[in-house]
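The values are calculated or read from the model by the stated rules, or taken from the named source; none is laboratory data. Keep in mind that this is a model prediction, so the values were computed, not measured. Note that we place each Cβ from the backbone using ideal geometry, even for glycine, and neighbour counts take in every protein chain shown.
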Amino acid sequence: MKDEKKKGARNSRKKHSTNAARKTVTAASSSFILHPSSLPLVAVLMGSKSDWETMRAASDTLKDFGIRHESHVMSAHRTPKLAAEFAGAAESRGIEVIIAAAGGAAHLAGIIAAHTTLPVLGVPMKSDALNGLDSLLSTVQMPAGIPVGTLAIGKPGATNAALFAIAILANKRVELKQKLKDFRGAQEKKIRETKLD
Ligand code: RP5
């Protein structure tokens with residue numbers, strides 16, 4: 001009974017957040033959008049919930065740097081209209097960078113980039129069939145004119161997409177630039193202090 005209640009609450013939360021995301025997309029299409037400081041700066045998109053285990057690394061990295069962001073599942077193939085609507089409205093919602101991850105015939109980053117001039121960073125997901133080589137080639141081989149900045153396959157790509165987004169945001173945010181430098185410094189210190197036995 002208790003479990004059923006929990007499940008019900010979980011489902012209703014899920015429904016609510018999906019509806020909320022849709023509402024934001026719809027609302028963002030209108031012309032009187034404000035940019036309050038609570039709005040997300042980065043959107044982390046992925047083609048399937050099965051990508052979340054990998055893409056959590058992007059979200060966690062953004063969290064570590066205190067970057068407001070939102071994460072959504074949408075697909076170039078399964079929800080093409082939602083992907084186009086989201087990309088078309090993203091800039092007016094205050095989003096500055098979009099990270100888009102997909103696997104297999106990975107077209108999400110491309111379709112997002114086709115509908116916005118915001119920087120789009122693509123993360124190829126590791127696939128069962130071809131180990132992510134399919135995703136990498138699908139994401140990276142954009143024809144000239146519509147760029148997608150493609151990162152490495154899988155988790156390293158997810159982390160680096162977030163760091164790349166942070167580097168873009170840091171160009172106009174002094175404190176964030178300092179945080180990024182501190183992060184690099186800590187990383188360097190760790191390597192310099194590594195002792196092998
Ligand atoms: C892509 O197909 C997704 O990005 C995912 O990486 C892959 C497999 O999706 P599922 O079949 O697991 O939903 O669209």
Inset, instruction - Answer yes or no: is there a residue in segment 143-154 that is within 12 Å of the ligand (Cβ to nearest atom), at pLDDT 95 or above and surrounded by 15 or more Cβ atoms within 10 Å (Cβ to Cβ). - result: yes
Legend entry - Index of the failed condition, Lys172 passing every other in (1) more than 19 Å from Ala90 (Cβ to Cβ); (2) modelled with pLDDT of 95 or more; (3) out of contact with any helix residue (DSSP H, G or I) (no Cβ under 8 Å at 6 or more places or on another chain); (4) surrounded by fewer than 21 Cβ atoms within 10 Å (Cβ to Cβ): (1)
Inset, instruction - Kindly indicate the residue of segment 122-133 that is of a type in the set (A, V, I, L, M) and crowded, with 24+ Cβ neighbours inside 10 Å and also nearest to Ala152 (Cα to Cα) among those meeting that condition. - result: Val123
Legend entry - Number of positions in segment 40-58 that are within 9 Å of the ligand (Cβ to nearest atom), farther than 10 Å from Ala100 by Cβ and touching a helix residue (DSSP H, G or I) at 6+ places or on another chain (Cβ under 7 Å): 1
Legend entry - Pick from segment 74-121, criterion hydrophobic (A, V, I, L, M, F, W, C) and surrounded by fewer than 20 Cβ atoms within 10 Å (Cβ to Cβ), ranking: farthest from the ligand (Cβ to nearest atom): Leu118
Inset, instruction - Search segment 91-111 for residues that are under 15 Å from Arg68 (Cβ atoms) and pair each with any residue that is at pLDDT 95 or above and part of a strand (DSSP E or B) when their beta-carbon atoms are under 6 Å apart and the residues are at least 6 apart or on different chains. - result: Ile95/Ala43; Val97/Val42; Ile98/Ala43; Ile98/Val120; Ile99/Val44; Ile99/Leu121
